[in-house]
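Participant: First, the structure itself, so that you have it in front of you.
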Amino acid sequence: MFSKILIANRGEIACRVIRSAQAMGIATVAVYSEADAGALHVEMADEAIAIGPAAAAESYLVTERILDAIKRSGADAVHPGYGFLSENPGFAEALAERGIAFIGPPVGAIEAMGDKIASKKLAQAAGVNSVPGHLEVLLDEDDAARISEQLGYPVMLKASAGGGGKGMRVAYTEAEAREGFTSATNEAMSSFADDRVFAEKFIEQPRHIEIQVLADAHGNCIYLGERECSIQRRHQKVIEEAPSPFLDEATRKAMGEQAVALARAVDYRSAGTVEFIVDKDRNFYFLEMNTRLQVEHPVTEMVYGVDLVEQMIRIAAGETMGLTQDDMQADGWAIECRLYAEDPYRNFMPSIGRLTQHRPPPLNATVRVDTGVVEGSEITMFYDPMIAKLITKGADRAGAIAAMGEALDGYCVRGINHNMSFLSALISHPRFVEGRLTTAFIDEEYPDGFSGAPRAGEVLDAILAAGVLLHRRTVERAATISGQLAHYQPAFGADWSVSLDGEGHQVIATLVEGGMDVTSEGRTIAVRSDWRPGAGLFKGSVNGRHVVIQVDMAADGFRLSHAGVEAMVCVRSPRAAELAGFMLEKIAPDTSKYLLCPMPGLVISLAVETGEEVKGGQALAVVEAMKMENILRAERDGIVAILNAAPGDSLAVDDIIMEFE
């Protein structure tokens, strides 16, 4: 067995590998860029080595820097995590030349599967179902448009060396094919230093279902069931689960056997994932094989009780795998949500800054958090925006969903914008609960963007009643603070006016043991809790239903978050509410004449010139942030008056890119 493993990665996956290695009694070495000097993976490892500037292209992606760290540390094995150099055959080859074990598959398997064009040809030869496509590199925009027309729209333009949703665009028209080719090419070069792009038919109403495989050097190869990863945004997975609610046993077996056949065809060793697109009739087609650990591997670990990182280490050390296909029996259901530093209310724009608060829900056998940050960590523009992965397990799918809802409500993150409310809305969406999923789920259900979960029913009742109880407890506490005027007595009447984001509700609140009964519009809501002022979480029951609500104090009330709904709650006496109606409303400044940068990022290109007339929806600029290209478009017709930025400029949020007449 290895004595020391270097983890050639960062963030949550580096922490994940360190935990398994240390549990096996193996010393660990972390590498870090200037931006990660105080990162969690650096603290967790037994030793850490600096490898360069913040930009990944100057640190984590530089083979020579990693090799130097290996030499300095004396590590005898390297785990690449995912992303960065994990599927770089040159890196694996360089390790082999130095007698360093690569905790991953052989170079030949990486080369065969890492090239998406070559892998599809190989899959066809191995008898694996494949998506129709043009398996040659597209030369330019004209070639992309011509081939797309031949295949028939819609088509998927995809980076040959891609993965993780990078370098992928769906085109429904010639204009989108041309624009998508350029974006996919640029993104592929930025992420993988390889700008080759090809085209294939885009399967409509698809489900993304993948098979986890494990293979050793002694001829053993098994599959560990499937994961469904259909909930995606911009081809980036958002929610994953195991098993899939769609597959039947016959389809599961057929997919698993084809995945194993493909792994055997490339003499695979280690953990790997064969991804398929599945249509509405359960026909499945090979998409790609990821020759590494997947981001979503925890759901498989939760359901099958297998530590995949440990298995990778043991296989790389030459051990015989102690698992058989018959051992792979699913136990329960697991769901993973990816918590991202982004603002779902502003079209998911990336968010950077310091985590002033990072408090995961209580961890146990059914709740797991994989993260690379702690309270005080900095989320920067240099890397992927993932904060953490939240995984929950239940006896069945309904149990896993219920556990996830409560865990999301109890996960406190402050200091940056995040997608927690969006995740809560997704897992409680009726269509998700029913399991009617496709990779277009988010586009179909939120065509105009995300504005919060529905404000109705028991969720709204919980927020309304909790707001009244919070107000009462806060006023009671204030009345006990020394320094009050001698004659001051707080108003504790039964009648209250409650404003929910400006919408008025008249309620009658009655104190009862352990809480209050709040009557609104003819119905009574029983709210019970031992909440006290200062607590960031309200834990209690509403009409007998256990609820967890996040609480933030505001100038005139509380900001409450529950089950995907965020609301500003202000409780006043009827007279105070009447007087509040006379307060002047603060009007936001008019910014319609400017194109503002919606996130910190790098200007890649400008598509217009000074004096040019533009139409609503027209592409104006491309800004790269957190490894993704974002096309900024005109909101309305206008004429470009001034260009305030140029390609190569680094901009902050709300910096002016251009002005209009």
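Values in this text are rule-based calculations from the coordinates and carry no lab data. The structure presented is a predicted model; accordingly, all values stated were derived computationally and were not measured. Virtual Cβ from ideal backbone geometry, glycine too; neighbours counted across all protein chains shown.
Participant: I need the calculated FRET efficiency for the pair Y153 and L363, taking r as the beta carbon distance and R₀ as 51 Å, to the nearest 0.05.
Facilitator: Calculated value: 0.65.
Participant: Next question. Going by how many other Cβ atoms sit within 10 Å of their own, how do H79, H218 line up, fewest first?
Facilitator: In increasing order of surrounding Cβ atoms, one gets H218, H79.
Participant: Work out the length of the dipole vector of the chain about its Cα centre, built from +1 on the beta-carbon of each Lys and Arg and -1 on the beta-carbon of each Asp and Glu, and round it to the nearest 20 debye. Walk me through the numbers on the way to the answer.
Facilitator: Details: 60 positive and 94 negative charges, 335 e Å.
That gives a dipole near 1620 debye.
Participant: Related question: Which residue, chosen from H358, A69, M189, occupies the Cα position most advanced towards the positive end of the dipole of the chain, where the dipole is computed from +1 (Lys, Arg) and -1 (Asp, Glu) charges on Cβ about the Cα centre?
Facilitator: H358
Participant: Considering only H41, L596, V542, whose Cα is most displaced toward the positive end of the charge dipole of the chain, charges sitting on Cβ of Lys, Arg (+1) and Asp, Glu (-1)?
Facilitator: Checked the options; the winner is V542.
Participant: Something else about it: Mind sorting out which of (i) 38; (ii) 25; (iii) 29 is the real percent of Cα pairs over 45 Å apart computed from the coordinates?
Facilitator: (ii)
Participant: Follow-up. Pulled fully out, how much extra length does the chain show between N129 and I656, if you take 0.36 nm times their separation in residues and subtract their Cα-Cα distance?
Facilitator: Roughly 184.8 nm would be gained on extension.
Participant: Taking the mean number of other Cβ atoms within 10 Å as a proxy for protection, how do you rank 196-206, 646-656, 575-585 from highest to lowest? Before the final figure, lay out the partial values.
Facilitator: Numbers: 196-206: 21.0, 646-656: 13.6, 575-585: 9.8.
Highest to lowest by the protection proxy: 196-206, 646-656, 575-585.
Participant: Taking other Cβ within 10 Å of each residue's Cβ, how do S424, S541, S73 sort, fewest first? Numbers along the way, then the final one.
Facilitator: On the way: S424 26, S541 15, S73 21.
Arranged by neighbour count, lowest to highest, S424, S541, S73 become S541, S73, S424.
Participant: Can you give me the distance in nm between label points at A588 and S541, each placed 7 Å from the Cα along the Cα-to-Cβ direction?
Facilitator: Distance between label points: 4.1 nm.
Participant: Related question: Which distance in nm do the two modelled labels at V374 and A479 give, with both placed 7 Å along the Cα-to-Cβ direction?
Facilitator: 4.3
Participant: Let's see if you can work this out: charge +1 on each Lys and Arg Cβ, -1 on each Asp and Glu Cβ, no other charges. What is the dipole magnitude of the range 188-275 about its Cα centre, in debye to the nearest 20?
Facilitator: It works out to roughly 120 debye.
Participant: Once every DSSP H run of n ≥ 4 in the chain is given -39500 (n - 2.57) and the sum is divided by its residues, what mean residue ellipticity at 222 nm do you get, rounded to the nearest 500 deg cm²/dmol?
Facilitator: -8500 deg cm²/dmol
Participant: Go ahead and run the numbers for FRET between R532 and T356, Cβ-Cβ distance against an R0 of 25 Å, rounding to 0.05.
Facilitator: That gives a FRET efficiency of 0.70.
Participant: Which value in nm describes the separation of the simple spin-label points at L579 and R455, placed 7 Å from the Cα toward the beta carbon?
Facilitator: 2.6
Participant: If neighbour count is taken as other Cβ atoms inside 10 Å, put E612, E629 in order from fewest to most.
Facilitator: E612, E629
Participant: Mind running the shape call on the range 397-453? Use the C-alpha gyration tensor, a ≥ b ≥ c as the square roots of the eigenvalues: rounded below 1.5 for a/c, prolate if a/b tops b/c, oblate otherwise.
Facilitator: oblate
Participant: Please compute one quarter of the surface area of the Cα convex hull for the range 541-621 and express it in square nanometres.
Facilitator: 10.8
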